[in-house]
Amino acid sequence: MASILQKVLQEYGNKDKCKIQDPTKVEAILQKLVNDGPSKLQVITDFDFTLSRFHKDGERCDSCHGILDHSPLMPDSFREKAKALYQKYYYIELDHKMTVEEKIPHMITWYRESHNLLIEAQVSKQKIQEMVISSRALLRDSAVNVLSNLNDHKVPVLIFSAGVGNILEEVLHREKAFFPNVEVISNYMLFNETGECTSFKEPLIHMFNKNETALDSPDYFQHLKHRHNALVLGDSIGDLDMGSGIHNPGALLRVGFLNDKIDERMDSFINNFDVVLVDDQSFDFVNVVSRLVC
Ligand code: TMP
């Protein structure tokens, strides 16, 4: 009899893009996910370049920060300073020779400086809407179908993002993908009475503290304590911890989207994620799995 993994790969149809170090383990996870069904499932996903695309038609897409960094509605001085920060710190984020512990202080500095630039630029709620509409922030193909299917089956989806919550919410609204089953934990801008950003909500979330310590609502996982199984979806090693708050974890399928610096990061992705999708700009794999479970 064909295994569930074989069935998933056949329906996914992109075997070349899918790397699995331990097929036996993945088969066992899939079996349990399918046997337990939607009532035991929750989904935890990163936003930038996981739910959203990394590139389209040969051009890079925007992350939450990229929307602001590339918008002509932001002052030139902001764009220059933001670009300088990005050029310095993005390479540290991806450096496969540095440990996470070595990277964390740099990432905190990046986030604090980046948030200060947004406060200095007095970004307004209204401008965010306009910038999102004209941006190159795009959800992956079939991502909206997956969210809709999960919503139909009352499976909770946590979007756990080190980007900017107000911006990613606007992208979800624009794509009509902010379904009632979606909860967002992210860095939120706080606005004054005239609608300008004056500070950010604490705690700061960066790409390496995405675990239960960064939750401002620790009740989140408590409410879901009967849901032991999860799909954990990310594009960074830091995303692997996103499920650390799950009570008595059962079957966790950790899917990694490997978008950038593919050769350098392949080993680390394959050693850490159960399934690695190499330069796949769709949510097709997740779609196949979620439809088998629900
Ligand atoms: P995430 O994908 O883990 O949610 O992380 C957010 C991404 O945003 C991460 O790859 C770094 C990136 N980023 C920028 O592009 N510009 C910035 O100013 C900051 C602080 C982060």
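The values are calculated or read from the model by the stated rules, or taken from the named source; none is laboratory data. All figures in this text were calculated on a predicted structure; none of them were measured in a lab. Cβ: placed from backbone, ideal geometry, glycine included. Neighbour counts: every protein chain shown. Surface accessibility is based on the protein's heavy atoms, side chains included, excluding ligands, DNA and RNA. Shrake-Rupley method; radii C 1.70, N 1.55, O 1.52, S 1.80 Å.
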*Given the convex hull of the Cα atoms of region 252-294, what is a quarter of its surface area in nm²?*
3.1 nm²
*Taking every pair of Cα atoms in region 12-138, average 1/r, invert it to obtain the Kirkwood radius, and report Rg/Rh to two decimals.*
1.07
_Can you tell me what share of the DSSP beta bridges in region 112-242 is antiparallel? A percent to the nearest 5 is fine._
45 percent
*From the phi of every residue in region 286-294, what ³J(HN,Hα) in whole Hz does the Karplus formula 6.51 cos²θ - 1.76 cosθ + 1.60 yield, where θ is phi - 60° and glycine or proline is x?*
5, 4, 4, 5, 5, 6, 6, 7, 9
_Area of K15 that stays accessible when all protein chains are in place (1.4 Å probe, Å², to 10)_ = 130 Å²
*Cα centroids of region 85-138 and region 18-55: how far apart, whole angstrom?*
27 Å
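Do the alpha carbons of any pairs in K56/K261; K81/K127; K56/K103; K15/K261; K56/K154 sit beyond 24 Å of each other, and which pairs?
Numbers: K56/K261 17 Å; K81/K127 19 Å; K56/K103 29 Å; K15/K261 20 Å; K56/K154 31 Å.
Violating the 24 Å limit, Cα to Cα: K56/K103; K56/K154.
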_Looking only at the chain, where both bridge partners belong to it, what percent of the DSSP beta bridges are antiparallel (to the nearest 5)?_
30 percent
*Would you kindly find the accessible area of H96, with a 1.4 Å probe and non-protein molecules such as ligands, DNA and RNA excluded, rounding to the nearest 10 Å²?*
100 Å²
*Simple label model, 7 Å out from Cα along Cβ direction - H153 to S268, nm*: 3.3 nm
*Given a cut-off of under 8 Å on Cα pairs at least six residues apart, what relative contact order in percent is computed for region 1-138?*
26 percent
*Would you grab the residues whose amide H sits under 5 Å from the one on L139? Only those 5+ places off in sequence or on another chain, please, with H modelled 1.01 Å from N.*
R53
*Distance from the Cα centre of region 250-280 to that of region 148-174, in angstrom?*
22 Å
*Mind listing P(r) for region 216-256? All alpha-carbon pairs, 5 Å bins, whole percents.*
6, 24, 30, 22, 15, 3
_Cα long-axis angle, helix 165-174 against the chain (0 to 90 degrees, to the nearest 10)_ = 70 degrees
*asked:* If I ignore ligands, DNA and RNA and count only protein heavy atoms, how much of R136 is accessible to a 1.4 Å probe, in Å² to the nearest 10?
replied: 70 Å²
_Normalised convex hull volume, region 69-206, alpha-carbon set, Å³ per residue_ = 133 Å³
*With a probe of 1.4 Å, find how much accessible area region 135-294 has per residue, and write the answer as a whole number in Å².*
37 Å²
_Value of relative contact order over region 168-266, rounded to a whole percent, pairs C-alpha under 8 Å and six or more apart_ = 19 percent
*With all protein chains present and a 1.4 Å probe, how do D95, D235 order by accessible area, largest first?*
D95, D235
*Amide H to amide H under 5 Å from F191: which residues, 5+ apart in sequence or cross-chain, H placed 1.01 Å off N in plane?*
T198
*Coordinate range along principal axes, alpha carbons of the chain, Å, largest first*: 62, 39, 36
*What ranking do 67-74, 247-254 get when scored by the average of other Cβ atoms within 10 Å per residue, highest first?*
67-74, 247-254
_Sequence-distant residues sharing a close amide H with F47 (under 5 Å, placed H)_ = F160, A162
*More than 14 Å apart - percent of Cα-Cα pairs taken over region 145-217*: 64 percent
_Cut-off under 14 Å on the C-alpha distance; same-chain residues fewer than 8 positions from K25 excluded. Which aspartates and glutamates are left, in chain and number order?_
D274
